[in-house]
1. Can you pull out every residue in segment 77-111 that is at pLDDT below 95, surrounded by 16 or more Cβ atoms within 10 Å (Cβ to Cβ) and within 27 Å of residue 123 (Cα to Cα)?
2. Here are 44, 87: which of them is of a type in the set (Asp, Glu) and within 13 Å of the chain's Cα centre (by Cα)?
3. Working carefully through the options 27, 19, 70, find the one that is in contact (Cβ under 8 Å) with a residue 12 or more places away in the chain, open to solvent by 50 Å² or more (accessible area, probe 1.4 Å) and not in a strand (DSSP E or B).
4. Only one of 56, 99, 89 is of a type in the set (Val, Ile, Thr) and touching an Asp or Glu at 6+ places or on another chain (Cβ under 9 Å). Can you tell me which?
5. Within segment 30-59, restricting attention to residues that are part of a loop (DSSP other than H, G, I, E, B) and open to solvent by less than 50 Å² (accessible area, probe 1.4 Å), which residue is farthest from residue 104 (Cα to Cα)?
Amino acid sequence: QVQLVESGGGLVQAGGSLRLSCAASGRTFYAMGWFRQAPGKERECVAAIRWRGGSTYYADSVKGRFTISRDNAKNTVYLQMNSLKPEDTAVYYCAAKSTAVAILRNLRNTNYDYWGQGTQVTVSS
């Protein structure tokens, strides 16, 4: 049974940091990613990582501030978020993808196979 368990969300002031964690159980995946969705807005990918090799994708809005990484032994993916802005406020979702993509930037698409429950990140000004 596939399960994605997220943790690490919370309230932080602008300029602060948070680290999100997502532990995957049941199987391994081609890639995992972090998506976010604010009320009234479309869900968007902020970062993704290929499990083998560790190639990464970042949205332009988070480049230089967020870092995605994985722990092979724990089958866990992390999102280190630094220099947080109020615009980063959203529900953040962990996702896992089973099939490969030909172009790395295609990892930003939402056709992932499994999703976590979401964790709230709120950044105050």
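1. Residues satisfying the conditions are 107, 108.
2. Working: 87 fails: within 13 Å of the chain's Cα centre (by Cα).
After applying the criteria, what remains is 44.
3. Working: 19 fails: not in a strand (DSSP E or B); 70 fails: not in a strand (DSSP E or B).
Checking each option against the conditions leaves just 27.
4. Values: 56 fails: touching an Asp or Glu at 6+ places or on another chain (Cβ under 9 Å); 89 fails: touching an Asp or Glu at 6+ places or on another chain (Cβ under 9 Å).
Going through 56, 99, 89 in turn, the sole match is 99.
5. Looking only at segment 30-59, we keep the residues that are part of a loop (DSSP other than H, G, I, E, B), and these are 30, 38-43, 51-55, 59.
Next, from what is left, pick out any that are open to solvent by less than 50 Å² (accessible area, probe 1.4 Å): 38, 51, 54-55, 59.
Numbers: 38: 25, 51: 12, 54: 11, 55: 8, 59: 12 Å.
Only one residue tops the list, namely 38.
The values are calculated or read from the model by the stated rules, or taken from the named source; none is laboratory data. Everything numeric here is computed off the predicted structure, so don't read it as measured data. In this analysis, Cβ positions are derived from the backbone assuming ideal geometry, glycine residues included, and neighbour counts consider all displayed protein chains. Please note that ligands, DNA and RNA were not included when accessible areas were found on the heavy atoms of the full protein model with its side chains. Shrake-Rupley method; radii C 1.70, N 1.55, O 1.52, S 1.80 Å.
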